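Here's the structure we're looking at; comments come further down.
The values are calculated or read from the model by the stated rules, or taken from the named source; none is laboratory data. Values in this document were obtained by computation on a predicted structure and should not be read as measured data. Neighbour counts run over all protein chains shown; Cβ positions are idealised from the backbone, glycine included.
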Amino acid sequence: MLDERPRAIAIMAATTMLSRDTVLETVERVLRNDLKFGQAPICEQTKLVGGDLHLDSLDLLMVVTGTEKALAIKLPGRRIDGSVMSTVGTFVDFVCAEMSTPAGKR
């Protein structure tokens with residue numbers, strides 16, 4: 001019987017490589033639905049810290065956990081700081097970078 005683990009790992013790796021647009025759409029959906037911003041204007045330049053959305057630390061945590069849940073990933077909390085959460089775009093860049101980094105290298 002052939003070992004199916006290498007094939008399963010390859011499939012998992014392929015499915016975790018999402019496009020940046022998909023990650024951006026996911027973060028926007030989390031902000032609109034989970035944090036109830038509805039039709040508020042949200043783009044990559046939208047400030048998450050100190051901006052018009054007036055997010056507090058709990059809201060930022062909800063952005064992170066909502067994104068993790070929607071994308072079925074786990075982000076390293078120790079690496080998330082104000083620079084990562086500065087704007088929607090910086091957070092999306094961070095998520096994409098983490099998804100492209102092998103788990104052992106994070």
**OP:** Would you mind finding the one in Leu71, Leu53, Leu75 that is surrounded by 15 or more Cβ atoms within 10 Å (Cβ to Cβ) and modelled with pLDDT under 95?
**Re:** Leu53
**OP:** Considering every residue within segment 10-33, establish whether at least one is at pLDDT below 95, over 10 Å from the mean Cα position of the chain (by Cα), part of a helix (DSSP H, G or I) and not aliphatic (A, V, I, L, M).
**Re:** yes
**OP:** Give me a count of the residues in segment 78-105 that are more than 21 Å from Gln45 (Cβ to Cβ) and free of Cβ contacts under 8 Å to residues at least 12 places away in the same chain.
**Re:** 6
**OP:** Could you run through segment 39-66 and say how many residues are in a helix (DSSP H, G or I) and under 12 Å from Ser86 (Cα atoms)?
**Re:** 1
Original post:
From the list Lys36, Lys74, Lys69, which residue is of a type outside the set (A, V, I, L, M), in a loop (DSSP other than H, G, I, E, B), within 20 Å of Pro102 (Cα to Cα) and without any contact (Cβ under 8 Å) to a residue 12 or more places away in the chain?
Top reply: Lys74
Original post:
Is it true that Gly50 is without any contact (Cβ under 8 Å) to a residue 40 or more places away in the chain and out of contact with any Gly (no Cβ under 7 Å at 6 or more places or on another chain)?
Top reply: yes
**OP:** Name every residue in segment 81-90 that is part of a loop (DSSP other than H, G, I, E, B) and within 11 Å of the chain's Cα centre (by Cα), in order of residue number.
**Re:** Val84, Met85
Original post:
Are any residues in segment 56-68 surrounded by fewer than 16 Cβ atoms within 10 Å (Cβ to Cβ) and among the small types (Gly, Ala, Ser), and if so, which ones?
Top reply: Ser57
